[in-house]
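Okay, structure first, notes after.
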Amino acid sequence: MATRSLQASTAGIQAIKKALKRKSGGQTYLAGAVGCSRQTIWSLLQGNATDFDFFTAACAELELNWEEIAEPEETEPEQPEADRIAALVQATREQVRSSIQQQCGTMRVLDMTQPIALTGEQGIYTSVNILEKLMGRRRLELPELLKHHDLDEFDRFGLSRITEKRVPGLDAARRYPKLMVLGKPGAGKTTFLKYLTMQYIAGNFAPDRVPLFVTLKDFAEAEKQPSLLEYMVGLIPPTPLEKGGFESDRVASSDHSLGSVPPFLRGARGDLTQIISASKALILLDGLDEVREEDTKRVLRQIEQLSGQFLCNRFVITCRIAAKEYSLEQFTEVEVADFNPEQIKSFATKWFSAKGDPDRAKLFQQKLDDNEPIAELATNPLLLTLLCLMFEDVTDFPANRSELYKEGLDILLKKWDGKRKIERDSVYKNLSLKRKEDLLSQIALTTFEQKEYFFKQRALEDHIADFIRNLPDAKTDPEALHLDSEAVLKSIEAHHGLLIERAKGIYSFSHLTFQEYFAAREIVTLSDPAILERLSQNIAEKRWREVFLLTAGMMRNADELVQLMKQQIDALLASDEKLQKFLIWVQQKSNSVGKPYKPAATRAFYFALACDRYSYIVFDRDLVALDRDLDLALDRALAHALDRDLARDLVALDRDLDLALAHALALALDRGLAPDFYRALDRALDRALDHIPELQGSLQKLKHQHSTAYQKSRDTFMQWWRSNGEAWTEELRSILIEHRNIGHDWQFTDEEKQLLERYHDANKLLVDCLNSDCYVSRSVREAIEDTLLLPIEEINQRKSSKPET
């Protein structure tokens, strides 16, 4: 039987040798990458005829165009044998088409009520990217992993940033004839393999080959333990003639050699051996990690024998990363990368379009953009599917995010394998779900308190050993305990993907969100007042924000926590005399407004008015007048710190004339805010004169000076402003301070500004906790709201005057 072969030209041989010099390992490396012997590569470099697949694969590995390397082929008449094989391939492709479409054309996971199409107009498949260098194989030290991460700024996405080159998954499948696709649980390995199979059967790739999709768990558990070849033969639907029956010919024996086919497998079904012998098969093996421990050696042996005997067929295997300690020498290992923002958006758009509600995808994306911890989970395709399923019903994510994270963790810890009836042997199989969560919680809080987001394997194993040594029947021998802790770590990584190897011997939680969740769970589980006190001392640290929110949401009653948070917030400015004077002014201005506004709302208004005198206007740099756009800018700057009722008060507060005066002063101080700032300033002064009689005498002079100058030419006005603007602005400031008690130039130092920002952010966190789904008694909630943003002296007076209960 003739097979196509190619020879390298003299120039082509030189090009290959030159390319090999750039690669470490030489001919041995190339043979391993291509999946052939070193002798084959040596023969290729001698100009001998080489199998077409090996030749093209070697050129692709060296990034060479095989057509430029090969000696031009002599035209030969087509061989009858080649025609027969080609016809057999096409006939077999038609036989398997329907079964492959049924098996690989849809996906159904989690709580989906019906399957959803992968391909076609309503298909949800989103292209995956591949890391050609496995993350866990990188030889990096902790400082190298941390050098791109500013822990003070706490870039949560930076902590899981992937710097390795990504390539499209389909490109990797084309490039490597024997490919092992590894990935974390829920990374989309099976979905990718199904999509790849659908592309093959549709003829988009390798239309001259027969794709065969095998679920390895089903193969391993098949009756009578058939060989892999026999099992694949059984996947091909019988022809109508074969359906007539060969029952009398059936052979019960199950020990057929690899290359044999039972007598009852006749006709087109029996010709699979010829197709594989002719290197015309695409063998796609899904879920090597799902095979039971007692079947693993047999399945591996079958794969090695089949891929070794029929070298030139193409193989793709999927497996969880770190699932088992083995390697298939002929296979190139790659890793499925997490989804990036573009892939998340593409998946959500396709998902909701398939559900007939494309507009919901936009809202879904907006909610993700507003919630970084949840967006972080969406990088995992399985958890992204969970988020989409949740969003279908309520068009929002749960107010209590801990419930969402718990459901995601339940999927990874038990439901994902359970729904697919996969049993995994594990050294910690005797640990209940609660004990597994306890272990992860202890690790999470210990490492988070120490600012550890990446940890060395030995340190992590020590944490595990500290936990399991206290369990019933735990081993006490140090060496045995160490071995058990190592096995537990590998099991957590392989089975659940909650701890993953970021580099050789360096681990982290798969998502920072999970480390935060488990840290909060440990705080709530221990229920120790000293731990709550220790937590509250981190109120001004950004990295603890999510832990505070989750802890408050998980506690049966969060009164003690929010009260401790309030005490720590008040203490931030308690010893700073200047900032206390500033808070006294905020209170005074709030008191001058009176009803119907809530005191907390007016204090927030004036706090932001003074602290963000410029920044809140810069929110919209095109503002040229005191109009609704400015009001919206103020709303965005202030309302985020308060609940909806208080935010409505703030909308009403925009009518307060202090806003007009503050706007006028801000424009005077920073004319760069708008090209025609002088016109906006003139309008602001007009508004103040129309509505504040006591200022008419004082402001009229300034208004006249300004209007006279700006009504002339721009150049004349700018000349007047350069000469008189500073003195004019200071006079305006003095008038506002005297009559309205606004416009103070606080002259905060950089250190004071940073302290005010921390104070503001801490108050916002406290209010966010109160506005979440946490349980706080009405009396505690009201007490906190009544004393928000007050000077410490006023807070103490209110406490002392409050009757004891």
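Quick one: pull the percent of accessible area on region 332-376 belonging to carbon and sulfur, 1.4 Å probe, ligands and nucleic acids left out. Walk me through the intermediate numbers first.
Details: 960 of 2040 Å².
About 47 percent, which is the carbon plus sulfur part of the accessible surface.
When only Cα pairs below 8 angstrom with a gap of at least 6 residues are kept, region 1-51 shows a relative contact order of 53 percent. Remark: region 723-783 carries 54 Å² of accessible area per residue (probe radius 1.4 Å; ligands, DNA and RNA excluded). Once the 1.4 Å probe is applied to the protein heavy atoms, region 432-473 comes out at 48 Å² accessible per residue.
Normalised by the number of residues in region 272-349, the average gap of Cα pairs under 8 Å and 6 or more apart makes the relative contact order 38 percent. For region 1-101, the share of accessible area belonging to carbon and sulfur comes to 49 percent (1.4 Å probe, ligands and nucleic acids excluded).
Accessible surface for region 541-610, divided over its residues, is 39 Å² per residue with a 1.4 Å probe. Put simply, when 548-559, 183-194, 444-455 are sorted by average Cβ atoms within 10 angstrom per residue, most first, you get 183-194, 548-559, 444-455. I'd like the carbon and sulfur percentage of the solvent accessible area for region 432-545, probe radius 1.4 Å, heavy atoms only, ligands and nucleic acids excluded. The C+S portion of the solvent-accessible surface of region 432-545 is 48 percent. Among the listed pairs LYS189/LYS350; LYS414/LYS504; LYS598/LYS753; LYS133/LYS280; LYS542/LYS581; LYS194/LYS217, those whose Cα-Cα separation exceeds 22 Å are LYS414/LYS504; LYS598/LYS753; LYS133/LYS280; LYS542/LYS581.
The values are calculated or read from the model by the stated rules, or taken from the named source; none is laboratory data. Predicted model, so just to flag it, every value in this text is computed and none were measured. With ideal geometry, Cβ positions are generated from the backbone for all residues, glycine too; neighbour counts draw on all protein chains shown. Calculation scope for accessible area: heavy atoms of the full protein, side chains included, ligands and nucleic acids excluded. Shrake-Rupley method; radii C 1.70, N 1.55, O 1.52, S 1.80 Å.
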